[in-house]
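Asks: Sharing a structure below in structure tokens format, with a few things to ask.
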Amino acid sequence: MDTQVAIIGSGPAGLLLSQLLSLHGIRSVILERQTRAYVEDRIRAGVLEQGTVNLLREAGVADRLDREGLTHDGFEIAFKGEHHRIDLRGLTGGKVVTVYGQTEVTRDLIAARVAQDDNIVFEAGDVSLHDLESDRPSVRYLKDGVPQELRCDFVAGCDGFHGVSRRSIPSSVLKTYEQVYPFGWLGILADTPPVSDELIYASHDAGFALFSMRSIARTRCYIQCSVEEKLEDWPDDRIWAELRSRLSPEHAAALVTGPSIEKSIAPLRSFVAEPLRFGRLFLAGDAAHIVPPTGAKGLNLAASDIHYLSRALTAFYGGGSTALIESYSRTCLRRIWKSERFSWWMTTLLHHFPDDPPFKRKMQEAELDYVVHSEAAMTALAENYVGLPY
Ligand code: RFL
Ligand code: PHB
């Protein structure tokens, strides 16, 4: 089989790239290891920057997002029994975020891809990349146990942190930077109304908690937990009790609990691989970088990588220009490192670090107190949260 761009992975990065390329008449094939149902049911991110929303509109997949997405003008930070509002709209000259689940973004994109080009190969096994330094690379994989080969001009590695693409770059070329945090997030999804109209980021002596949502009738919450924690030790009642204990009394009284629809534990890590291009292979999204979810940046960074990559490939096929291909890695990394910094800072500010001396906790409290009372500090927080410009 032949195509122009072989895309590995049908997460938001791979799907959005395929959709944008298709609008410019550029053919692509997506190879995905999992089944369609698995990909569509994965519960992950929930907060979209305006740049991500704009890109989904440009891709023609924002009808449901525009109908069902919730516009959020601000969020709250809670600590020491008080809560403080960060007025995103007021502090950024009118910018906001949209709450709309990654699950829904993925479903909308898959529906569009299947309807338009039907170019996703689900359950593609043993994917391997070849001849990446030539101008005709290929991708080999198994479908129903039968070996297949896909020849292409470019390979887009959109296969997440555990994918094969990053590992196909020689270690002599790739440099990685990593920080693993000494805790994880235990997430719960339930059909109960959110505790507040806006997200609440709570810093508590027992650890961080986040009160988010998917709709006005569906709650998504997280609590900081140890990475050794087992899900079976966390019946719903224990999670809700722990969440309630980390809220201010006013919000605690308003928390509505109910049976969980989904529960999961995720480790927290910061990670960047450089460069993002090796010959004809581009890395994008979680394949190239991971942020801890505290700043709500992972999905949004995947989208900004795809903004740059789609433009680079469109310019190449439009007139043979390689300038944007050459600058892809450099351009992306400038924005990636700033989102890494913000996510690391939010994580450090809001979590309990088990091995820190009491002095460090006092420093956190002083910084929190400063951030929520200084217009300058809140402005810096708000402009990063709504998303730095592309
Ligand atoms: P994905 O979504 O991981 O998709 C990669 C796809 O590649 C497939 N794959 C392979 N296919 C073929 N061959 C192989 N060898 C393959 N290996 C892997 C996988 O099956 C998968 O379908 O990466 P992508 O597209 O780069 O998207 C990144 C985002 O998913 C991720 O950054 C966000 O979910 C992170 N994130 C958040 N981001 C935000 O912007 N806002 C948030 O509010 C937010 N909250 C979160 C999050 C991530 C979380 N978890 C679970 C880590 C909350 C949580 C709890
Ligand atoms: C979510 O709703 O899943 C969510 C929201 C904000 C974050 C992380 C996750 O910072």
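The values are calculated or read from the model by the stated rules, or taken from the named source; none is laboratory data. Model, not experiment: these values are computed from the prediction. Don't worry about glycine lacking a Cβ; one is built from the backbone with ideal geometry, like all the others, and counts go over all protein chains shown. Note: areas computed on protein heavy atoms with side chains; ligands, DNA, RNA excluded. Shrake-Rupley method; radii C 1.70, N 1.55, O 1.52, S 1.80 Å.
Asks: Out of all the residues in region 355-372, which are free of Cβ contacts under 8 Å to residues at least 40 places away in the same chain and of a type outside the set (D, E, K, R)?
Replies: Listed by number, the residues that qualify are PRO357, PRO358, PHE359, MET363, ALA366, TYR370.
Asks: Can you name the residue in region 166-179 that is closer than 30 Å to THR348 by Cα and within 13 Å of ligand 1 (Cβ to nearest atom) and, of all such residues, is most open to solvent (accessible area, probe 1.4 Å)?
Replies: Filtering first and then ranking leaves ARG167.
Asks: Here's another thing I want to ask about it. Out of the residues in region 44-98 that are assigned to a strand (DSSP E or B) and among the charged types (D, E, K, R), state the one that is nearest to ligand 1 (Cβ to nearest atom).
Replies: GLU76
Asks: What are the residues in region 266-301 that are under 24 Å from GLU133 (Cα atoms) and assigned to a strand (DSSP E or B), if any?
Replies: If the condition is that a residue be under 24 Å from GLU133 (Cα atoms) and assigned to a strand (DSSP E or B), then VAL272, ALA273, GLU274, ARG277, PHE278, LEU281, PHE282, LEU283, HIS289 are the ones that fit.
Asks: Looking at region 324-332, is at least one residue part of a helix (DSSP H, G or I), without any contact (Cβ under 8 Å) to a residue 24 or more places away in the chain and either touching a Gly at 6+ places or on another chain (Cβ under 6 Å) or under 30 Å from ILE200 (Cβ atoms) (or both)?
Replies: no
Asks: Just the residues that are open to solvent by 20 Å² or more (accessible area, probe 1.4 Å), away from ligand 2 (no atom under 16 Å from the Cβ) and in contact with a strand residue (DSSP E or B) (Cβ under 9 Å, 6 or more places away or on another chain), please, taken from region 22-65.
Replies: SER22, ARG27, ARG33, ARG36
Asks: Taking region 273-308 as the region of interest, how many residues are among the basic types (Lys, Arg) and open to solvent by less than 10 Å² (accessible area, probe 1.4 Å)?
Replies: Of the residues in region 273-308, 1 are among the basic types (Lys, Arg) and open to solvent by less than 10 Å² (accessible area, probe 1.4 Å).
Asks: Then there is this: Name the single residue, out of those in region 1-21 being in a loop (DSSP other than H, G, I, E, B) and open to solvent by 10 Å² or more (accessible area, probe 1.4 Å), that is nearest to ASP286 (Cα to Cα).
Replies: Checking each candidate, the answer is GLY11.
Asks: Here's a check for you: in region 146-160, which residue that is open to solvent by less than 40 Å² (accessible area, probe 1.4 Å) and not charged (D, E, K, R) is farthest from ligand 1 (Cβ to nearest atom)?
Replies: PHE154
Asks: If I filter region 180-213 down to residues being among the polar types (S, T, N, Q) and buried (at least 21 other Cβ atoms within 10 Å of the Cβ), which single residue comes out as nearest to ligand 2 (Cβ to nearest atom)?
Replies: Taking the candidates together, the pick is SER212.
Asks: Just one of (1) buried (at least 19 other Cβ atoms within 10 Å of the Cβ); (2) away from ligand 2 (no atom under 16 Å from the Cβ); (3) outside any loop (DSSP other than H, G, I, E, B) trips up VAL114, so point out which.
Replies: Here VAL114 meets the rest and fails (1).
Asks: Only one residue in ASP41, ASP73, ASP87, ASP66 is among the acidic types (Asp, Glu) and without any contact (Cβ under 8 Å) to a residue 12 or more places away in the chain. Which one?
Replies: Values: ASP41 fails: without any contact (Cβ under 8 Å) to a residue 12 or more places away in the chain; ASP73 fails: without any contact (Cβ under 8 Å) to a residue 12 or more places away in the chain; ASP87 fails: without any contact (Cβ under 8 Å) to a residue 12 or more places away in the chain.
Of the residues listed, the single one that is among the acidic types (Asp, Glu) and without any contact (Cβ under 8 Å) to a residue 12 or more places away in the chain is ASP66.
Asks: Within region 215-246, which residues are assigned to a strand (DSSP E or B) and open to solvent by 60 Å² or more (accessible area, probe 1.4 Å)?
Replies: Across region 215-246, the qualifying residue is only ARG218.
Asks: State whether the residues of region 302-323 include one that is within 16 Å of ligand 2 (Cβ to nearest atom), outside any loop (DSSP other than H, G, I, E, B) and under 15 Å from the mean Cα position of the chain (by Cα).
Replies: yes
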